[in-house]
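Student: What follows is a single structure, and I will ask about it in a moment.
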Amino acid sequence: MLFARRARPNFRERARIAAWPRRSFGRSFSYYKHRVLRLEASPHAIAAGVAAGAFASCTPLVGFHFLLSFALAWVIGGSMIAAAFGTAVGNPLTFPLIWVTSFQLGELILGPAPDRVAPGDLELSFNLLTQSFGTIWPTLKPMFVGGMVMGAVIGGGLYLLVRSTVMMSQSLRAARLAQAAQNRQDALAMAPSPADIFLPHDYGDADAEPGPADADCAQDRAEPRETELRS
């Protein structure tokens, strides 16, 4: 492939770039946007896939967002490729906000409990992974409840936005392709055929009687011939 990389990045490097882009998140967002709009699928499938990815990113199941988004996309008839792009809603910049907001929202729905610890108060260490599930569950439970509510709201909004955008993009693309095809047909219709280029043309009317101009031309052609015969 032209301009392809000599050394293809491995899975670890691709995962790192997806979590933290080399240049900027704005450039990555523009890249994801163009990739989503150019997917070969129906507007509903693309929008449903993006919504499934966004919903999965709002849950505290870090490391399983891709699998959860694929499962949701399959259930609602969405595109799994669009679901993978939709998981970009959860990134190192938005995860802290998502976790804190989902915890507070879940605590508001479930009510406060004395044994709950806010996500910001947890000590991020290896001991956290070795603790029993019963110790972490009081914190994860409101995050699940709040995350599902957040995911439904964000996913629904993205579904409407992406569906309308994809419909507009596909209609504009179809109009451009139709206009290009019409221009090619017009160019072919105006171009001369090979018969018109190589075959001689008879612009005169065979049945019409010769006029004065034709007689003068015939006389001009006959005079040099008579001179040659006399000489």
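The values are calculated or read from the model by the stated rules, or taken from the named source; none is laboratory data. Predicted model, so just to flag it, every value in this text is computed and none were measured. Cβ atoms come from the backbone with ideal geometry, glycine included; neighbour counts cover every protein chain shown.
Student: Go through the residues of the stretch 2-22 one by one and say whether even a single one is among the β-branched types (Val, Ile, Thr) and modelled with pLDDT of 90 or more.
Tutor: So far as the stretch 2-22 goes, no, none of its residues is among the β-branched types (Val, Ile, Thr) and modelled with pLDDT of 90 or more.
Student: Still on this structure, I have one more. Could you please find all residues in the stretch 135-173 being loosely packed, with under 13 Cβ neighbours inside 10 Å and either among the polar types (S, T, N, Q) or not in a helix (DSSP H, G or I) (or both)?
Tutor: Within the stretch 135-173, Thr135, Ser164, Ser171 qualify.
Student: Another one. Are there any helices (runs of 4 or more DSSP H) wholly within the stretch 27-94 with 1 or more residues that are touching a strand residue (DSSP E or B) at 6+ places or on another chain (Cβ under 6 Å) and within 29 Å of Trp137 (Cα to Cα), and if so which? Talk me through it step by step, then tell me what you get.
Tutor: Working: elements: 43-57, 65-76, 80-86.
Once the helices (runs of 4 or more DSSP H) in the stretch 27-94 are filtered for at least 1 residues that are touching a strand residue (DSSP E or B) at 6+ places or on another chain (Cβ under 6 Å) and within 29 Å of Trp137 (Cα to Cα), nothing remains.
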